[in-house]
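Participant: Please read through the structure below; I'll follow up with questions.
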Amino acid sequence: MFVKYKPKRNLLETILHTEILQGMALTLRRLFSRPITRQYPDEEIPVALGFRGQHALVRDPETGGSLCVACMRCATVCPSRCIHIRYHEDDGKRVVDSYDIEALRCVYCGYCEEVCPVNALVLTEIFEYAAYSRQPFHFDRDGLLANWDRFCRERNISPQEYVNPFWRPRGLPENRLPAGKRLQVPEDWTMEGQVVGSRYREALPNDGTR
Amino acid sequence: MHVLVLLIQILVLFAVVMLHVAYATYFERKIIGHMQVRMGPMRVGWHGLLQPIADGIKSFFKEDVVPEQADRPIFLAAPVICLVAMLTSLAVLPFAPGWVLADINIGLIFILAMSSLSSYGVILAGWASNSKYTFLGGLRSMAQVISYEIAMGLSLVGVMMLSGTLNLSEIVQAQGTSFTGMYVFPQIIAFFVFCVAMLAETNRVPFDLPEAETELVSGYATEYSGMRYAMFFMAEYIGMMVMSAIGTICFLGGWNGPFTVPGVPFFWFVLKIYVFLFVFIWIRATLPRYRYDQLMELGWKLLIPLALANIALTGIVKAVIG
Amino acid sequence: MLMLLFFCYCAVVITGTGLLAVTLKNPVHSVLMVLILFFHVAMLYLSLGAEFLAAVQIIVYAGAILVLYLFVLFLVSLRDEVKMPRFVSSAWLGRLIAGGMVACLLYILPVFTTGAKGDWPAQRVQAITPTRALATEMYSASVLPFEIAGLILLVAVIGGLLLARREKDVHGDVK
């Protein structure tokens, strides 16, 4: 392929270096334009909906514990295998013994919060949790519940009402969602507005079933 | 007594120039930042105003690392050579009528001599570090400085012919106080050649091949650290100021301006230097780096013939008119 | 008195650096010694009031020619040069020759006398600055030798170009 990267110039343009002058004019104009820099610690950075930050287990307002039913879907789907769950069966019902997440191995793909049938595990919008050692990044169940409390406190969120539309599995129609996922989402949110998974939804048959 | 006064003058000049160097780095970062729609330094002091002082303290207290395989005495001396050569050329600059440390008759070629000496610092730094990157940077600087020094010297010959002197104060006086007396009008070709050669002599963008960050890490200064690294940068910024001063004196009428500012005889001189420095920074924010063969081609095939033609033209015009 | 001391200092440094330049093992160090030597020669010129000559000494010799020397030193493989066989095999024979030459030079030294005064005594040169004096002399009285020297240099430049030029064959490719 022939790329013509040097346009023809007439003699006057060659002598006067008009292209250089054009470039100089551009930079001079930019000198007086408003910088787009956000002064981070001083200025709040708006966090977009669907931001995947620190992990948390949603605190059940009734029991005070987690909503987790130990279905093991999150631990199975996790590509980096950073979720470790132990449970025992008590009268046919699973009881969670421990729930650990190694945040340093996590790739923040968000699959775990999508597959969770009861919206127990979420990735919050908190991103300021740096530490000086590795230990603080090994979240156990209490740590994850504390993360949820911190999230509710810092973002002024009522735990009963908050639901993030990005917690829904991608591309699934409403009627196929598990019960825990059918929570009321904000009214301004539409399935069409969810960019992720839109290709998959287009490929679905028109009646919304597979 | 005279020596004492001279010493105080030298100290004052040194302090003022060093302050200018520090804040030239600040304004360079600020201006380039805003030209790239960023903000530049903001954290140290109000709008980052104390940043250069913080940088200075930091580089002063940093460890001075000398590579094991380096040629130690030359490695240690190279930045000092650079800085001293540049500082020495400050002595002959006339800032205002009578405001000059050494009013010597060969001021112009003295500065050319000093700027050619400062290239020794760069070359020796490149060689003594005993590293590939620094060596390549040193070699590039050597070839570049030799080539563009010819163009620069020849471009100033026209000014020497018009003014009939090498004394910088007399060159300013020869241009008179009127706007049209400035040598930039009769010597427009020389001014163009001088501006390009000035950029190349000070190793600035678009001719910053000796320290091309993207290819040579930091060129000749790669192995340097702490205060010695800072010395190279001081030398570069003082070089920019000296070259701006030469441009101001030889082409823009030195300290003369549209009106005299009472109490500040050097006002116009300093203002013109600031304009030059701004253009230096402006060009850095705009232009990409030249390729090495393009650099040599520009120097030898365009600038030197242009400067020679300008000398011939000036000679002919002067013979016909005067 | 001060001028004499200054001259002695310059003479000692020039001789010392000259000796070091030929005896030092590292050729780059030798070139640096020559650089210091050139500087002191320029200082001698300055002490004689020939400021233009001093500046040209630094620009041309220190700034250009010596840099080219350095360039060549950097690009030539130095390790091969060191292993060359000695020119004169016996060290004592070499020392004898050198000593003889020194004796000859010292013998000739008293012959030097100051010549007749020229048209340009120091006062006249200082009156119109050395630069102007040099120009006046060079471009009026000595214009023919100046042109001849220029022509010889031009021949040298053309010769250099011819040596460096590579022949192109009919297809325009460099051989």
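The values are calculated or read from the model by the stated rules, or taken from the named source; none is laboratory data. Just so we're clear, the structure is a prediction, and the values are computed from it rather than from any experiment. Cβ sites come from the backbone with ideal geometry, for glycine too, and all protein chains shown count toward neighbours. Ligands, DNA and RNA are stripped out before the accessible areas are found, and what is left, the full protein with its side chains, is counted by its heavy atoms. Shrake-Rupley method; radii C 1.70, N 1.55, O 1.52, S 1.80 Å.
Participant: Using every pair of alpha-carbon atoms in the stretch C:121-166, split the distances into 10 Å bins beginning at 0 and state the percent of pairs per bin, rounded to integers.
Facilitator: Pairs per bin, as whole percents: 25, 29, 23, 16, 7, 1.
Participant: How high is the relative contact order of the stretch C:27-138? Use alpha-carbon pairs under 8 Å, at least six apart in sequence, and give a whole percent.
Facilitator: 29 percent
Participant: Next question, about the same structure. Can you list the HN-Hα couplings for the stretch C:99-113, worked out from phi with the Karplus curve (6.51, -1.76, 1.60; θ = phi - 60°), rounded to whole Hz and with x for Gly and Pro?
Facilitator: With the stated coefficients, the stretch C:99-113 comes to x, x, 5, 4, 4, 4, 4, 5, 5, 6, 3, x, 5, 5, 9 Hz.
Participant: Could you derive backbone 3J(HN,Hα) for the stretch A:75-88 from the dihedral phi with the Karplus parameters 6.51, -1.76 and 1.60 (θ = phi - 60°), listing whole Hz in sequence and x where the residue is Gly or Pro?
Facilitator: 5, 6, 7, 4, x, 9, 6, 9, 9, 10, 10, 10, 8, 10
Participant: Check A:H55: other-chain or 5+ apart residues with amide H under 5 Å from its amide H, H built from backbone geometry?
Facilitator: Amide H neighbours of A:H55, under 5 Å, 5+ apart: A:T124.
Participant: As I understand it, the dipole of chain C uses +1 on the Cβ of Lys and Arg and -1 on the Cβ of Asp and Glu, about the Cα centre. Which of C:G160, C:G49, C:V72 lies farthest toward its positive end?
Facilitator: So the residue furthest toward the plus end is C:V72.
Participant: In peptide A:31-41, how many Cβ atoms from other protein chains are near each Cβ within 10 Å, on average?
Facilitator: Mean shielding count: 4.
Participant: What are the ³J(HN,Hα) values, in whole Hz, obtained from phi via the Karplus relation 6.51 cos²θ - 1.76 cosθ + 1.60 with θ = phi - 60°, for each residue of the stretch B:122-127 in sequence order, with x given for Gly and Pro?
Facilitator: 5, 5, 5, 4, x, 7
Participant: 7 Å from Cα along Cα→Cβ at both C:V102 and B:Y23: what's the point-to-point distance in nm?
Facilitator: It is 6.0 nm.
Participant: Assuming R0 = 60 Å, what is the FRET efficiency of C:M138 and B:V65, from their Cβ-Cβ distance, to the nearest 0.05?
Facilitator: That pair, C:M138 with B:V65, gives E of 0.70.
Participant: Separate question: Would you mind getting me the FRET efficiency between B:V16 and B:F259? Use the beta-carbon distance for r and R0 = 41 Å, nearest 0.05.
Facilitator: FRET efficiency, B:V16 to B:F259: 0.95.
Participant: Given a 1.4 angstrom probe, I'd like the percentage of the accessible area of the stretch C:1-79 that is carbon and sulfur, rounded to a whole number.
Facilitator: Carbon with sulfur: 81 percent of the solvent-accessible area.
Participant: Say a paramagnetic label sat at a point 7 Å from the Cα of A:E102, along Cα to Cβ; which residues of the stretch A:118-146 have their backbone N under 13 Å from it?
Facilitator: Under 13 Å, as judged by backbone N against the label point of A:E102, lie A:134-135, A:137-139 of the stretch A:118-146.
Participant: At 1.4 Å probe size, with no ligands or nucleic acids counted, give the accessible surface of A:C71 in Å², nearest ten.
Facilitator: Per-residue accessible area (A:C71): approximately 50 Å².
Participant: Within the set B:K30/B:K62; A:K8/B:K318; B:K30/B:K132; B:K62/B:K132; B:K318/C:K117, which residue pairs have Cα atoms separated by over 30 Å?
Facilitator: Long pairs (Cα-Cα over 30 Å): A:K8/B:K318; B:K30/B:K132; B:K318/C:K117.
Participant: I need the per residue convex hull volume for the protein assembly as shown, using only the alpha carbons, in cubic angstrom as a whole number.
Facilitator: Residue-normalised Cα hull volume stands at 316 Å³.
Participant: Something else about it: Please give the charge dipole size of chain B, origin at the Cα centre, charges +1 on K and R Cβ atoms and -1 on D and E Cβ atoms. Round to the nearest 20 debye.
Facilitator: Value, rounded to 20: 560 debye.
Participant: Another question, if that's okay. Could you please state, rounded to a whole Å, how far the C-alpha centre of the stretch B:140-168 is from the C-alpha centre of the stretch A:106-129?
Facilitator: Going from one Cα centre to the other spans 68 Å.
Participant: Just the number, please: buried accessible area between C and B, total of both chains, 1.4 angstrom probe, nearest 100 square angstrom.
Facilitator: So the total buried area for this chain pair works out to about 2000 Å².
Participant: Taking amide H positions as placed 1.01 Å from N in the peptide plane, with prolines and chain starts having none, which residues 5 or more places from A:S66, or on another chain, fall under 5 Å of its amide H?
Facilitator: Sorted by chain and number, the residues that satisfy this are A:D60.
Participant: Give me P(r) over the stretch C:1-79, computed from all C-alpha to C-alpha distances, binned every 5 Å, as integer percentages.
Facilitator: 3, 16, 22, 22, 17, 10, 6, 3, 1, 0
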